[in-house]
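Trainee: Take a look at the following structure, please.
The values are calculated or read from the model by the stated rules, or taken from the named source; none is laboratory data. Model, not experiment: these values are computed from the prediction. Counting neighbours? That spans all protein chains shown, and the Cβs are built from the backbone with ideal geometry, glycine included.
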Amino acid sequence: MKKHALAAIAGAVVISTLFGCDNKEGMGTELMPAADMADVTIETIEVKAFTDFERPILSSNMSYMMLGEFNDDLFGKTVASCAAKFSNSSYGTYKQGDKCDHLVLTLGVDTTSSFIYGDTVTPVTVEVYRLSEILADSIKYYDGDYDDGSGKYDDSHRIAYDKARPLGSTTFIPYQIDSMITFDIAPWYGDSIIQNSLNTSFDANISGLYFKVSSGNSILRFQRADKNTQFVLYHTRQDAETMSTVTYSIQSTDCSVNMSAHDYSGKPLANIDHENTEYLYLQGMMSTRIRIEFPGLDKIKRGKYFSLRGAYLEIPLADSAYSKQKDFPAIDNIICAGMSRTKRDTLVFFNDFMIMTGTSSTLNVLSRDEQKNCYHLNMTDRVIAMMDFNDRGVEPDFDVCIFPSGRSTDFNRSVICSPSNTKNPMRLVVEYINY
């Protein structure tokens with residue numbers, strides 16, 4: 001993702017603070033002389049918001065791998081698969097004639113309850129296959145058995161695996177998992193590892209593994225850098241009766257990829273009415289984002305001397321009766337950034353949503369207010385920028401969007417009240433002075 005520095009807009013006095021969702025008192029009004037208070041205007045202006053669908057986003061070398069499938073009454077069926085390259089950091093641990101006795105693969109599971117999605121009692125069957133191509137860090141892969149119908153992604157974006165020869169499978173019940181799940185892998189694959197290690201062609205020919213769920217109703221999170229995520233190859237040496245072992249793991253320099261597919265058939269997202277919908281849908285793992293427009297800014301009456309003193313966007317979540325938030329966890333943290341209109345896979349990072357630490361900056365992650373069940377964004381600098389674009393008659397080359405902060409490593413989801421919601425609408429509150 002590229003970082004674009006948006007030029008600061010001079011000529012406006014801005015007092016930026018963070019405000020709670022129920023702030024009705026104004027922003028910084030206590031700092032103004034009493035004689036000026038008659039000129040302070042607090043106004044709720046029109047905004048529009050839309051549910052946009054994500055395309056595959058770069059999800060390689062993540063700390064976690066997501067795997068499984070489950071059905072959500074609002075978001076439909078979600079399928080998660082993953083692929084990984086296992087590597088041996090040193091060669092020459094085998095001799096000619098060594099044979100694989102058996103090969104055991106384990107995946108370390110994050111058993112934190114908030115990272116098990118769906119139910120925990122339905123048996124899950126996972127199959128593992130050999131990748132037929134080496135993973136590339138720069139490719140935004142999608143599932144080998146899934147096509148999003150856009151025609152945008154050619155076969156170079158599709159995970160390629162050997163469907164004809166599954167290496168192994170395992171069945172487990174999520175709530176019974178202690179720390180890992182185990183596969184017995186076909187010994188011929190172990191013999192292939194031995195042979196390719198002998199001639200140091202391991203990296204070129206042991207492409208990696210593809211993990212796919214064939215049945216179940218849950219998605220789990222596996223830890224990539226974990227002592228339980230590894231191959232253990234048990235082999236018998238030709239010149240000895242004793243058995244030896246070699247352990248392989250996913251190294252930080254190797255590639256792992258998360259992929260997901262979503263089937264919205266028969267759900268609210270399938271035929272969403274963008275103009276009249278009361279709800280917006282936000283989900284991680286290449287699912288959805290929220291795009292926001294500010295048509296009401298044109299209607300603010302500005303005198304000769306105008307100062308925007310503050311603006312905040314109030315984003316309430318739908319009540320649990322509709323969103324089923326008790327069963328499906330809401331997104332704890334969101335980010336606000338621009339989405340390039342010409343390069344839809346490029347984000348524009350706004351300075352007002354960055355945190356400066358010395359000479360470096362990091363993206364500001366915004367937390368959900370659990371008591372009020374909402375998000376709120378200080379939009380002062382964004383509103384100033386948008387008003388400046390309007391004054392100059394310039395169309396921005398980006399859309400303002402909200403994304404889940406864990407858009408590649410979890411399946412939390414939020415149902416958000418849109419500006420059209422009759423009970424608890426999303427709204428933009430601005431405070432300004434004409435004098």
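Trainee: From the residues in segment 384-410 that are of a type outside the set (D, E, K, R) and part of a strand (DSSP E or B), which one is nearest to Ile315 (Cα to Cα)? Please lay out each step first, then the result.
Mentor: Initially, segment 384-410 is screened for residues of a type outside the set (D, E, K, R), giving 384-387, 389-390, 393-394, 396, 398, 400-406, 408-409.
Applying the additional criterion that residues be part of a strand (DSSP E or B) yields 398, 400-404.
Details: Phe398: 21, Val400: 14, Cys401: 13, Ile402: 11, Phe403: 13, Pro404: 14 Å.
Among residues in segment 384-410 that are of a type outside the set (D, E, K, R) and part of a strand (DSSP E or B), the one nearest to Ile315 (Cα to Cα) is Ile402.
So that you can scan it fast, the table gives a plain yes or no per residue for (1) loosely packed, with under 15 Cβ neighbours inside 10 Å; (2) among the β-branched types (Val, Ile, Thr); (3) over 22 Å from Ile300 (Cβ atoms):
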{"site": "Asp352", "(1), (2), (3)": "no, no, no"}
{"site": "Met356", "(1), (2), (3)": "yes, no, yes"}
{"site": "Thr359", "(1), (2), (3)": "yes, yes, yes"}
{"site": "Thr362", "(1), (2), (3)": "yes, yes, yes"}
{"site": "Glu370", "(1), (2), (3)": "yes, no, yes"}
{"site": "Leu377", "(1), (2), (3)": "no, no, no"}
{"site": "Arg382", "(1), (2), (3)": "no, no, no"}
{"site": "Ala385", "(1), (2), (3)": "no, no, no"}
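Trainee: Which residue out of Ser214, Ser207 is within 27 Å of Glu133 (Cβ to Cβ), in a loop (DSSP other than H, G, I, E, B) and in contact with an Asp or Glu (Cβ under 9 Å, 6 or more places away or on another chain)?
Mentor: Values: Ser214 fails: in a loop (DSSP other than H, G, I, E, B).
Result: Ser207 is the single residue among Ser214, Ser207 that is within 27 Å of Glu133 (Cβ to Cβ), in a loop (DSSP other than H, G, I, E, B) and in contact with an Asp or Glu (Cβ under 9 Å, 6 or more places away or on another chain).
Trainee: Checking the structure you have, find out if any residue of segment 411-418 is modelled with pLDDT under 95, outside any strand (DSSP E or B), among the hydroxyl-bearing types (Ser, Thr, Tyr) and within 23 Å of Glu314 (Cβ to Cβ).
Mentor: The answer is no; no qualifying residue exists.
Trainee: Right, next: Out of (1) in a loop (DSSP other than H, G, I, E, B); (2) in the same structural domain as Ser414 (by TED's automatic domain parsing); (3) surrounded by fewer than 18 Cβ atoms within 10 Å (Cβ to Cβ); (4) touching a residue at least 60 places away in the same chain (Cβ under 8 Å), what's the single condition that is false for Lys326?
Mentor: For Lys326, the failing item is (4).
Trainee: Kindly establish whether Ala321 is of a type outside the set (Asp, Glu) and without any contact (Cβ under 8 Å) to a residue 12 or more places away in the chain.
Mentor: Details: of a type outside the set (Asp, Glu): yes; without any contact (Cβ under 8 Å) to a residue 12 or more places away in the chain: yes.
Against the criterion (of a type outside the set (Asp, Glu) and without any contact (Cβ under 8 Å) to a residue 12 or more places away in the chain), Ala321 qualifies.
Here's the yes/no breakdown for (1) modelled with pLDDT under 90; (2) under 25 Å from the mean Cα position of the chain (by Cα); (3) aliphatic (A, V, I, L, M); (4) surrounded by fewer than 18 Cβ atoms within 10 Å (Cβ to Cβ):
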residue	(1), (2), (3), (4)
Tyr210	no, yes, no, no
Ile250	yes, yes, yes, no
Thr253	yes, yes, no, yes
Asp263	yes, yes, no, yes
Lys267	no, yes, no, no
Ala270	yes, yes, yes, yes
Thr288	no, yes, no, no
Ile292	no, yes, yes, no
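Trainee: Considering only residues that are surrounded by 14 or more Cβ atoms within 10 Å (Cβ to Cβ) and either more than 25 Å from Asp143 (Cβ to Cβ) or β-branched (Val, Ile, Thr) (or both), which ones fall in segment 183-200?
Mentor: Keep residues of segment 183-200 that are surrounded by 14 or more Cβ atoms within 10 Å (Cβ to Cβ), which gives 183, 185-187, 189-198.
Passing the criteria: Ile185, Pro187, Gly190, Asp191, Ile193, Ile194, Gln195, Asn196, Ser197, Leu198.
Trainee: Could you please let me know if Ser265 is farther than 23 Å from Arg382 by Cβ and part of a loop (DSSP other than H, G, I, E, B)? Please lay out each step first, then the result.
Mentor: Values: farther than 23 Å from Arg382 by Cβ: yes; part of a loop (DSSP other than H, G, I, E, B): yes.
Criteria met by Ser265.
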